[in-house]
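Read through the structure below, which is laid out as C-alpha cells, and then see the notes.
The values are calculated or read from the model by the stated rules, or taken from the named source; none is laboratory data. All figures in this text were calculated on a predicted structure; none of them were measured in a lab. Because the Cβ atoms are built from the backbone with ideal geometry, glycine has one as well, and the counts that use them run over all protein chains shown. Calculation scope for accessible area: heavy atoms of the full protein, side chains included, ligands and nucleic acids excluded. Shrake-Rupley method; radii C 1.70, N 1.55, O 1.52, S 1.80 Å.
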Amino acid sequence: MRLSYSALDTYQSCPLKYKFQEIDKIKTPKSKEAVFGSTIHSTMKFIHTPGILSPTLDQTMEHFQNSWNPAVFENEDEEKSAFSQGIKIIQSYYQKNNPANFNIIDLESRFQIEIGRPSSPSDDLLANTETHIISGIIDRIDKTEEGYEIIDYKTTKKMPSQETVN
C-alpha cells in the first residue's frame, strides 16, 4: 500500500473522508486554503528555481499576482484578505532571507519510505508484515555548513506546537 502524509492525516481526522478520497477516488474541488497554499508554494519555487539571478521582490510579487485565483473565495472581502496575507508572507520572506544566499540542492524532491518490512529473515515478529510505502514531496533541500536542511513551507494558521512534533 502506498500512502502520502496528507492521506494519513486525512485518515486520522476522518476515516470516511479518507475512503471517499483515497479508495473511492471521488474528486472534490480544492479548498480555498489548499489553493492559497499551492499559490504560495508556486511562488517559493519561482523564487528558488536556479537562474543567473534570483528574482527581485517586484518580480516575485508579479508572479504571485499572476498565479492568484480569486474565484475560490466566497466573497470579495475574503479574497482581498487572503491576497493581502499572501503579499505579507512574501514580503516577510524577503525581509528575513536573501534567496541568493541559499545553497539549494533540490526543489520539490519526491521521496518514499518502506515500512513494515522485516529487518532480517530471523525477525519473527515482522516476518509476515505487509510492506507499505509512505511517500511525499520535500519542498526544498539546502546544503549548509553543518550538513543538509530540509525546508517545508507551511501556510496554515493551525501549526502544532514544537512539543507535539518532537
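Just a few scattered comments:
- Cleavage-rule hits (trypsin sites (Lys or Arg not before Pro)) in the stretch 1-96: DSSP loop, at most 11 neighbouring Cβ within 10 angstrom: 25, 27
- Per-residue [θ]222 nm for the chain (sum of -39500 (n - 2.57) over DSSP H runs n ≥ 4, rounded to 500): -12000 deg cm²/dmol
- FRET efficiency for residue 19 and residue 133, using Cβ-Cβ distance with R0 set to 25 Å, rounded to 0.05: 0.80
- Relative contact order, percent, the chain [alpha-carbon distance under 8 Å, six or more residues apart]: 24
- Of the GluC sites (Glu not before Pro) found in the stretch 10-99, those in coil by DSSP whose Cβ has at most 13 other Cβ atoms within 10 Å are 74.
- Placing one equal scatterer on every Cα of the stretch 1-71 and applying the Debye formula, the log10 ratio I(q)/I(0) at q = 0.14 Å⁻¹ is -0.63.
- Percent accessible area from carbon and sulfur atoms, the chain, protein chains only, probe 1.4 Å: 52
- Within straight-line reach of residue 96, meaning a Cα separation under 18 Å, sit the following lysines at least 8 residues removed in sequence or on another chain: 45, 88, 154.
- Excluding same-chain neighbours fewer than eight residues apart, the aspartates and glutamates reachable from residue 32 by a Cα-Cα span under 14 Å are 74, 76, 77, 78, 79.
- Residue 23 - accessible surface, heavy atoms, 1.4 Å probe, Å² rounded to 10: 110
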